[in-house]
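To start, the structure under review is shown below, and the notes come after it.
The values are calculated or read from the model by the stated rules, or taken from the named source; none is laboratory data. Just so it is clear, the model here is predicted, and its values are computed rather than measured. Cβ placement follows ideal geometry from the backbone for every residue including glycine, while neighbour counts extend to all protein chains displayed. Keep in mind that these areas ignore ligands, DNA and RNA; they rest on the heavy atoms of the full protein, side chains included. Shrake-Rupley method; radii C 1.70, N 1.55, O 1.52, S 1.80 Å.
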Amino acid sequence: MSGTPLIKAVLKTVPYRVELSDDQGHTWAADEPLEAGGGNAGPTPESLVLASLGACTAITVKMVAARRQWPLDEVRVELQLNPAGKPDSGNDIVRRIELLGTLDNDQRTQLLKIANACPMHKLLSGEIRIHSELR
């Protein structure tokens, strides 16, 4: 990740649809599903977090494989939050990574270690402090 991203989230009139934007000119939406009173106009906040981890995993693994000139054709990442139900404490993210290409076992093992060192994995598995203030 380059720099410090600035993300804006604005909820106006639709019950839960949030318009999101970043300082790079990208825009997207988040929402709650119909059964939660939302309009299902975008992914849920939880899905956006999982998507961030999945994207970061795939990008990091592909970058390293390309740099090392390893035969990695495709990276597929599936993620679930608390698939066995909400635990008594914390949360569980299950991440399944599929590496397509003619990689040997050592390369696959190295790429799994790299996946576990991607910036979003570090962020989500490290200590997080959130400082909130009203404007």
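If I compute solvent accessible area with a 1.4 Å probe over the protein chains, what percent of it on the chain is carbon and sulfur? Walk me through the numbers before you get to the answer.
Details: 5160 of 9870 Å².
Accessible surface attributable to carbon and sulfur in the chain totals 52 percent.
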Worksheet item: To the nearest 10 degrees, how steep is helix 45-67 against the longest Cα principal axis of the chain, on a 0 to 90 scale?
Response: 30
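Provide, as a two-decimal number, the C-alpha radius of gyration of region 44-99 over 2.2 N^0.38 Å, N being how many residues it has.
Values: Rg = 13.7 Å, N = 56, 2.2 N^0.38 = 10.2 Å.
Ratio of Rg to 2.2 N^0.38 Å for region 44-99: 1.35.
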Worksheet entry | Over the chain - Rg/Rh using Cα atoms and the Kirkwood inverse-distance radius | 1.02
Worksheet, complete the sentence: Residues meeting the amide H criterion for G42 (H placed from the backbone, H to H distance under 5 Å, 5 or more places apart or on another chain) are D31
Item to complete: Relative to the longest principal axis of the C-alpha atoms of the chain, give the angle of the C-alpha long axis of helix 105-115, reported between 0 and 90° and rounded to the nearest 10°.
Response: 30
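Taking region 10-86, how much of its Cα-Cα pair set, in percent, is spaced more than 17 angstrom apart?
Values: 1772 of 2926 pairs.
The proportion of pairs with Cα distances above 17 Å equals 61 percent.
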Discussion item. Give me, ordered by chain and number, the residues 5 or more places off G101 or on other chains with an amide H under 5 Å from its own placed amide H.
Written reply: D73
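Could you report the chain's accessible area per residue, 1.4 Å probe, as an integer in Å²? Kindly include the intermediate steps, with their values, before the conclusion.
Numbers: 9870 Å² over 135 residues.
So the chain comes to 73 Å² accessible per residue, rounded to a whole number.
Just to confirm the filter: which trypsin sites (Lys or Arg not before Pro) across region 51-112 are DSSP coil and have at most 13 other Cβ within 10 angstrom of their Cβ?
When the trypsin sites (Lys or Arg not before Pro) of region 51-112 are filtered for loop state and at most 13 Cβ neighbours within 10 Å, R68 remain.
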